[in-house]
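Peer 1: The structure is given below, and queries will be raised subsequently.
The values are calculated or read from the model by the stated rules, or taken from the named source; none is laboratory data. None of these values were measured; they are calculated from a predicted model. Cβ sites come from the backbone with ideal geometry, for glycine too, and all protein chains shown count toward neighbours. Just the protein is used for accessible areas: all its heavy atoms, side chains included, with ligands, DNA and RNA removed. Shrake-Rupley method; radii C 1.70, N 1.55, O 1.52, S 1.80 Å.
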Amino acid sequence: MKTIIYWILLSLIFIGSCHRKKMPYTDYSDYPSYWGDDLGVKVSDNETNFALWSPAAEEVELRIYDNGETGEPEQIIKMTRKSGKDPWRATLKGQLYGKFYTFKIKENGKWLAETPGIWNKAVGVNGKRAAIIDMAATNPEGWENDQRPALNSFNDIILYEMHHRDFSIDSTSGIQNRGKFLALTEEGTKSPLGEMTGIDHLKDLGVTHVHILPSYDFGSIDERKLDENMYNWGYDPQNYNVPEGSYSTDPYTPETRIREMKKMIQSLHKNGIRVVMDVVYNHTYKNDESNFSLTVPGYFYRHNPDGGYSDAAHCGNETASEREMVRQYIVESVKYWAKEFHVDGFRFDLMGIHDLETMNQVRKALDEIDPTIFIYGEGWTAGPSPYPEEKRALKKNAAQMPGIAVFNDDIRDGIKGSFKDDAMRGFATGDTALDESVKFGIVAATFHPQINYGKVNYSSAPYSVYPYQSINYVSSHDDLNLVDKLRVSNPDASQDDLLKYDKLAQTIVFTSQGVPFMFNGEEVFRSKKGIHNSFQSPDSINKIDWTNKSIYKNLYTYYKALISLRKNHPAFRMQRTKDIQEKLHFLDTGQNGVVAYTLGDYANGDLWKEILVVFNGNKMDKQIEIPKEEWIIVGKDGKIDEDGIGKMSGGKILVPGSSALILYHN
């Protein structure tokens, strides 16, 4: 009996320690919130003010440094607060521009490690010390005149996902600032064979938005050793409101990374391209040693009943967005990036971890800045969460967050095959049981009377209220990219066959309703040598070899024509679910593995009266019957020409294997 009592008491002590519930607070919900805008550092005409929200701290020290990395503090100041409801504060005379600072808190009788806090906007090398800078001095010339490129509707968006190093690191890019923010400011760059690269390539391709993998300060790269060419995707957040130093030309000077990221955005805007920032508020790089934990221990995270960190992110922890100050932090952070850096959109990593209310608050806050700022995310988690599913921003709950889109993995795996099984084929490579998953993507995961939802990959019901809520794609940085998946699942296929599968897959994506998304390098047949999770693989795996653009020029030309077709024809970009239901009609092809549909009656104001799209996923030719009209061919046999390739009479027609057919008549 004594043994049982001993273990019960020990468990209670452990739980209390892990949860860090401190007097006078019995629960994190008791922590007083603070809505002021002065947390971190504020510099006025003759003084520098510091404020830190840390309700349960017993003492707080402010440390001032002359160096962003080394050396002892010049000053150690005891911070004070008026009451337990107020932030800790300290005021120093003069404008301390050029200095660095950290906070150090004492809680439960223990002094924790130094932290730059979580409200910092500038840091020294490796982000260990916050920097005091004049933010206005980081603005590049003409920044006040920078404008977001025009956007009439979210349905007009074409997303291009890229990583700074992947896109420009190879010498074949012809870019001087390879792997840096500034790479996207260089115009006129060319491959060794004279093909456009860099920002000129993006502009020529025709994408509207560049989705850049994490660009905030992340923890896995040692910014002091950039000559070692370390690589990471960046899903390991350290300082959420500061650009990553390894993408700058000088990570030691705090202003440089900020100015160069702004220059990149300014350059993309000048070339008609908007910028989406990949944000990872769902977890932190470290647990007890994170800036969140060192500022307000325990508060920013969810915990399991035993007191340990819950881990829906599969990265060691998950944040508790439902808590008031966590929600406020996320909302204020995206507002900061939108205002200070002119970011045009946000892609939320593992958005299914966040609560619905937080995501809706993000949408509301960005609407007040610019309602054309796009928000989308992964509507799933990487593991179980203790927070109720019905309250989280999961794909199936998309109807509860209008104005926010989710990735459509149903069409992704419907087209190319399951991400869980490399050998499994998809519709585009001959699996004839995936028609409904493809059709589900074609209607942008909305309700359509001709869809059998019982046969869709992962979703038994539509989840999009508006078409733009479906992000349609076949591959991204995660898992096998398109080329590698095609190769692995079709080991005996010829190069020509693989190119046919590739074109068919992307034709489905770019002619579907919703928002198309592509992974950088797909347009030049990019391979990552079969590596699934290349988050820290070397450049030799992740880089784009720009000589591919010459080798696969036909493929690039096809992608470019496909994007142009979508942009020129609003029938592929309907804004209302009702219009999709009324204007998009699936034909009964009588063949498994063949999906065909019409877009009728000048859909969405299109110049073409009726468009017919046919996808034959079978590897052999298939005969189907189409409406008896005189059709003009604009897409056939891996070619697209809006001026017309030829003509075709309706009735029984033969559709080549592994191909798309696009026709119209007036």
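Peer 1: TYR240 passes all but one of (1) assigned to a loop (DSSP other than H, G, I, E, B); (2) closer than 30 Å to ASN145 by Cβ; (3) of a type in the set (Phe, Trp, Tyr); which number fails?
Peer 2: For TYR240, the exception is condition (1).
Peer 1: If ALA312 satisfies every condition in (1) under 15 Å from VAL279 (Cβ atoms); (2) open to solvent by less than 10 Å² (accessible area, probe 1.4 Å) but one, which is the exception?
Peer 2: Status for ALA312: all satisfied but (1).
Peer 1: A further question follows. At least 2 residues that are under 19 Å from GLY417 (Cβ atoms) and more than 22 Å from the chain's Cα centre (by Cα) in each: list the helices (runs of 4 or more DSSP H) lying fully within region 442-561 that qualify.
Peer 2: 482-489, 495-511
Peer 1: Looking only at region 611-625, decide whether some residue is closer than 18 Å to HIS569 by Cβ, at pLDDT 95 or above and surrounded by fewer than 20 Cβ atoms within 10 Å (Cβ to Cβ).
Peer 2: Of the residues in region 611-625, the ones closer than 18 Å to HIS569 by Cβ are 611-615.
Narrowing further to those that are at pLDDT 95 or above: 611-615.
Adding the requirement that they be surrounded by fewer than 20 Cβ atoms within 10 Å (Cβ to Cβ) leaves none.
Checked region 611-625: no residue is closer than 18 Å to HIS569 by Cβ, at pLDDT 95 or above and surrounded by fewer than 20 Cβ atoms within 10 Å (Cβ to Cβ).
Peer 1: OK, next. Residue by residue through region 40-58, note down the ones that are farther than 19 Å from ILE132 by Cβ and either free of Cβ contacts under 8 Å to residues at least 24 places away in the same chain or exposed (fewer than 14 other Cβ atoms within 10 Å of the Cβ) (or both).
Peer 2: Across region 40-58, the qualifying residue is only GLU58.
Peer 1: Right, another one. Check region 107-121 and report whether any residue there is touching a residue at least 60 places away in the same chain (Cβ under 8 Å), under 30 Å from ARG274 (Cβ atoms) and open to solvent by 30 Å² or more (accessible area, probe 1.4 Å).
Peer 2: yes
Peer 1: Against the condition surrounded by 14 or more Cβ atoms within 10 Å (Cβ to Cβ) and modelled with pLDDT under 90, how does LYS21 come out, does it pass?
Peer 2: yes
Peer 1: Which residue pairs have Cβ atoms closer than 7 Å, lie 6 or more positions apart in sequence or on different chains, and pair a first residue in region 542-565 that is under 18 Å from LEU159 (Cβ atoms) with a second residue that is among the basic types (Lys, Arg) and assigned to a loop (DSSP other than H, G, I, E, B)?
Peer 2: Listed pairs, sorted by first residue: ILE544/ARG526.
Peer 1: Hey, another quick one. Kindly evaluate TYR252 against the criterion of being of a type in the set (Ser, Thr, Tyr), more than 21 Å from the chain's Cα centre (by Cα) and open to solvent by less than 10 Å² (accessible area, probe 1.4 Å).
Peer 2: Details: of a type in the set (Ser, Thr, Tyr): yes; more than 21 Å from the chain's Cα centre (by Cα): yes; open to solvent by less than 10 Å² (accessible area, probe 1.4 Å): no.
For TYR252, the condition - of a type in the set (Ser, Thr, Tyr), more than 21 Å from the chain's Cα centre (by Cα) and open to solvent by less than 10 Å² (accessible area, probe 1.4 Å) - is not met.
Peer 1: If the requirement is being open to solvent by 10 Å² or more (accessible area, probe 1.4 Å), among the acidic types (Asp, Glu) and at positive phi, which of these qualifies: ASP479, ASP496, ASP492? Give the steps one after another, and end with the answer.
Peer 2: Numbers: ASP496 fails: at positive phi; ASP492 fails: at positive phi.
Of ASP479, ASP496, ASP492, the one residue that is open to solvent by 10 Å² or more (accessible area, probe 1.4 Å), among the acidic types (Asp, Glu) and at positive phi is ASP479.
Peer 1: Here's a follow-up. Just to verify a result, which residue in region 550-583, among those that are touching an Asp or Glu at 6+ places or on another chain (Cβ under 8 Å), within 18 Å of ALA596 (Cα to Cα) and among the basic types (Lys, Arg), is most open to solvent (accessible area, probe 1.4 Å)?
Peer 2: Per the criteria, the residue is LYS583.
Peer 1: Output the residues belonging to region 640-665 that are more than 17 Å from LYS500 (Cα to Cα) and buried (at least 22 other Cβ atoms within 10 Å of the Cβ).
Peer 2: LEU663, TYR664
Peer 1: If we only count strands (runs of 3 or more DSSP E) wholly inside region 153-226, which ones have 2 or more residues that are open to solvent by 40 Å² or more (accessible area, probe 1.4 Å) and under 22 Å from SER476 (Cα atoms)? It would help to see each step written out before you state the result.
Peer 2: Values: elements: 159-162, 209-212, 216-218.
Ranges flagged: none.
Peer 1: Consider ASP349 carefully, then state whether it is farther than 18 Å from SER470 by Cβ, within 15 Å of the chain's Cα centre (by Cα), open to solvent by 10 Å² or more (accessible area, probe 1.4 Å) and of a type outside the set (Ser, Thr, Tyr).
Peer 2: yes
Peer 1: In addition: Can you tell me which residues in region 639-666 are within 21 Å of ASP435 (Cα to Cα) and either under 38 Å from the mean Cα position of the chain (by Cα) or acidic (Asp, Glu) (or both)? Outline the logic, then answer.
Peer 2: First, the residues of region 639-666 that are within 21 Å of ASP435 (Cα to Cα): 652-663.
Within region 639-666, VAL655, PRO656, GLY657, SER658, SER659, ALA660, LEU661, ILE662, LEU663 meet the criteria.
Peer 1: Taking into account only those residues within region 359-381 that are over 13 Å from the mean Cα position of the chain (by Cα) and among the acidic types (Asp, Glu), which is least open to solvent (accessible area, probe 1.4 Å)?
Peer 2: ASP370
Peer 1: If only one of ASP288, ASP306 is open to solvent by 10 Å² or more (accessible area, probe 1.4 Å) and touching a Cys at 6+ places or on another chain (Cβ under 8 Å), which one is it?
Peer 2: Details: ASP288 fails: touching a Cys at 6+ places or on another chain (Cβ under 8 Å).
Just a single option satisfies the conditions, and that option is ASP306.
Peer 1: So, one more: Taking SER246 and the conditions (1) in a loop (DSSP other than H, G, I, E, B); (2) open to solvent by 10 Å² or more (accessible area, probe 1.4 Å); (3) among the small types (Gly, Ala, Ser), which numbered condition does it fall short on, given that it satisfies the others?
Peer 2: Answer for SER246: the failing condition is (1).
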